[in-house]
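The values are calculated or read from the model by the stated rules, or taken from the named source; none is laboratory data. Everything numeric here is computed off the predicted structure, so don't read it as measured data. All Cβ positions, glycine included, derive from the backbone under ideal geometry; neighbour counts span all protein chains shown.
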Amino acid sequence: MPVLQRGLVWNPAQIELLWDSILRGFPIGALVLSARIEEQEKEADQQRGFNHHLLDGQQRCDAIALGYKDPFRETETDADKKKRESILWLDLNPDGDAWNTREFLVRLTTPSHPWGYAKNDSAGNLGANAIRDSLNTIGIDPAIEGYERPSAVALSPYVAVAPVPLSWLFSAQSEDQSGFWAAIKTRLDRLALQPWHQPLRAFLSNEEGAAQRTKIFEAIRRTELTTIIALCAPSDLLVNSRQESASSPERGNIASIEHLFQRLNQQGTPLDGEELAYSMIKANWPQLAGPIDQIAQQLPATRLITLGIRAALAVGECERLPRGLTVSGIRSLARKNDAKTERIYRYIKEDLGRGCQQIETWLRYNPKHNQSGLLPVHIGSIAQGSPDVFLLLLTFANRPESDWVQDGTDWPKCFQALATAIHWFGRKKEDITNRVFHKCALQISFQNIKNALAEAITEGDLRPLHSPDAVEGFLNVPKEDLLTWDWDQLRDQGNGTEEAKRALWGRWEEFLWFRGQRELLLYAQRDYIDRRFSDYDPARKDFWKGHNRPWDFDHLLAAKYLHYCRGPYKPVCDKWVWTIGNLRAWPFEDNRSDQAQTAENKLSGVSGDAKRIDSFLKEGEVHGFSVGETLGGDAPDDAYAFVSTCRSRLLRIYRTWYESVGVADLIIPDEKMSDLSAAVLPANDLQSLTA
């Protein structure tokens, strides 16, 4: 692979369908190669004797290679490596199914889905019941304390009848069928007994399966005889383009290769902007690929490299943070090859790793040394959803000690409050971070950051933040108003004219969106998440997809109760059932919301009290989430028990974040800002206010 190639981007359906096509003898398109390009060699490849680079077909080649990788190989001693691998299986005896177009049911199992995927063409996710059934086959109960998700080698595809690793079929060296299937039986005999062995043995010895076995044998032999066309790009590819020769003759043979790569990738799974930029950066500075791969432990390399370039360009700036580079901007930098280019190269190679480590020290939760910290999923989400915030911290991380005001500030808490407040409550995040960057251009101090955030609230860039006590006082749900209560009802609170009430509501309306902010809930459960999902890897971009994360969001009071409820208090309960006050982060495999169990049932058993604590529930709150079966009645007691308990837990989730990271020290609560008269302050000067 040349350095400019991206990572794996194909989804399970694409891999499975490609193999169905191969086994059926369908053409799968040509590969595109080029003669070996020295500038595109990875350091680890320089001593290997290859003579070509692959420019197009990486995803197909990786999917094909996966089919030949034996997950149960006897020569591999690295057990941890096996646990992290995906496996391709073939169901030798699939059930008849009209819901897909496949002739051969190739099944993929992965570290995040070791039970596999649905057998439709889209390879969707399995439901909770199917996952639990799959785990039960190896005697695992996901509800028990200390459960860990098994690796793919411990399970087999749930929807398969007689699965066998696809690699075994290709390694069965025999020209006749009897020897071929005997080789598969021999492999089975050398393994410790597993649940998928019995149905596989039954198929191999069943006379009724003779025709199916012949069909598979012929498909494997056909595959072994399949030729894939490889088109080799002309040698002119390694010569400067006319445009490049005129503008930057010293760049060598990069531009034509880069242009070809970009055009080829427009035809397949499209590159997103960052992936394309990353490929262009590696094309022009291939020597940076190694350092980036080493640094990218907590963030995908595609995001890290773009932030690193911006941080390098921020050195010496005072007014604002540099914007992200476009592909044309990267080309322009590469052509100039000036001091700015050298600064980028030196920063990424020498400073970026140290900066990321410092951010990790500031932000990362540690139960002993940084109890107020954030989870890896929070840090990854900030880098993904609020990259300017991460960039701001990256510029701070490499500032010299002389730039800092040493006044005893607890910098980890300061940056935890700063990052999450902007990430969760920022309207114009870029403007907020530029205010902080500008205020701290000469000196990084707690007061300068505080002043910048106060200005951001005044200018409307940052939503006003309210103290937990103020939220508790504003968020009223009187029992006598349950039949008519709505979130919009809160706009009528306060004294004075309608205009005054509207102004008050304007400072609360968007803020109340925190009721759906699931990252706040994860923060409240951070100790549990850190213990239970310690192997979550935010550097894997596929893990950013919700369905690949090892946790799910479970309703404490199941939504099913309200779906079928027809009582008069259904409307008010509907307003609260989807808030984070009624959710908990819980192992995906053990999400029992589809069973409509009450909280009392979910939290019962020997470890019930530990489950309650891990679910961020107080002992007296369990009842309020267990009234689902009686919500349809006319009496308000059960509805009020749910709503009031949900409200109480919602407020506690917010308070936990607000007080743990010390938000009140950094950001003036809105009620205090509202109490101060702007008339006594100099225009655009909040120094006295923040002091």
Yes/no for residue 417 being closer than 26 Å to residue 317 by Cα and in contact with a strand residue (DSSP E or B) (Cβ under 6 Å, 6 or more places away or on another chain):
no
Go through segment 188-216 and report how many residues are in contact (Cβ under 8 Å) with a residue 12 or more places away in the chain and not in a helix (DSSP H, G or I).
5
Kindly check whether there is at least one residue in segment 454-464 that is surrounded by fewer than 18 Cβ atoms within 10 Å (Cβ to Cβ), out of contact with any Leu (no Cβ under 9 Å at 6 or more places or on another chain) and at pLDDT below 95.
yes
Against the condition surrounded by 17 or more Cβ atoms within 10 Å (Cβ to Cβ), closer than 28 Å to residue 377 by Cβ, at pLDDT 75 or above and touching a Leu at 6+ places or on another chain (Cβ under 7 Å), how does residue 305 come out, does it pass?
no
Test of understanding: among 430, 401, which residue is at pLDDT below 95 and either crowded, with 24+ Cβ neighbours inside 10 Å or not hydrophobic (A, V, I, L, M, F, W, C) (or both)?
401
Odd one out for residue 412 among (1) closer than 19 Å to residue 321 by Cβ; (2) more than 15 Å from the chain's Cα centre (by Cα):
(1)
One residue is enough: does segment 593-615 have a residue meeting the conditions surrounded by 22 or more Cβ atoms within 10 Å (Cβ to Cβ), modelled with pLDDT of 90 or more and part of a loop (DSSP other than H, G, I, E, B)?
yes
What's the total number of residues in segment 642-667 that are assigned to a helix (DSSP H, G or I) and surrounded by fewer than 19 Cβ atoms within 10 Å (Cβ to Cβ)?
9
When both residues are 6+ apart or on different chains and their Cβ atoms are under 7 Å apart, which pairs have a first residue that lies in segment 521-545 and is assigned by TED's automatic domain parsing to the domain that holds residue 658, and a second that is modelled with pLDDT under 65?
536/543; 537/543; 538/298; 539/297; 539/298
Please go through segment 129-171 and give me each residue that is surrounded by fewer than 20 Cβ atoms within 10 Å (Cβ to Cβ), of a type in the set (A, V, I, L, M) and either modelled with pLDDT of 90 or more or in a helix (DSSP H, G or I) (or both), ordered by number.
130, 138, 153, 154, 161
Does residue 469 satisfy the condition of being surrounded by fewer than 18 Cβ atoms within 10 Å (Cβ to Cβ) and modelled with pLDDT under 90?
no
Could you list, in sequence order, all residues of segment 361-383 that are buried (at least 17 other Cβ atoms within 10 Å of the Cβ) and part of a helix (DSSP H, G or I)?
362, 363, 376, 377, 378, 379, 380, 381, 382, 383
Checking the structure you have, find out if any residue of segment 533-542 is part of a helix (DSSP H, G or I), at pLDDT 80 or above and on the phi < 0 side of the Ramachandran plot.
no
Within segment 334-349, does at least one residue satisfy the condition of being among the charged types (D, E, K, R), modelled with pLDDT under 75 and in a helix (DSSP H, G or I)?
yes
Which of (1) outside any loop (DSSP other than H, G, I, E, B); (2) modelled with pLDDT of 95 or more is the odd one out, the single condition residue 352 does not satisfy?
(2)
Complete set of residues in segment 296-315 that are of a type outside the set (S, T, N, Q), within 18 Å of the chain's Cα centre (by Cα) and either farther than 24 Å from residue 434 by Cβ or part of a helix (DSSP H, G or I) (or both):
296, 300, 301, 303, 304, 305, 307
Hits in segment 169-197 (condition: touching a strand residue (DSSP E or B) at 6+ places or on another chain (Cβ under 9 Å) and closer than 13 Å to residue 88 by Cα)
169
Residue that is farther than 30 Å from residue 160 by Cα, modelled with pLDDT under 85, among the hydrophobic types (A, V, I, L, M, F, W, C) and in a loop (DSSP other than H, G, I, E, B), where the choices are 271, 264:
271
Could you please find all residues in segment 392-413 being out of contact with any Gly (no Cβ under 9 Å at 6 or more places or on another chain) and in contact (Cβ under 8 Å) with a residue 12 or more places away in the chain?
392, 399, 403, 404, 405, 407, 409, 411
Pairs needed: first member in segment 129-146, in the same structural domain as residue 198 (by TED's automatic domain parsing); second member anywhere, at pLDDT 90 or above and of a type in the set (Phe, Trp, Tyr); C-beta distance under 6 Å; at least 6 residues apart or different chains.
130/158; 131/115; 134/115; 134/158
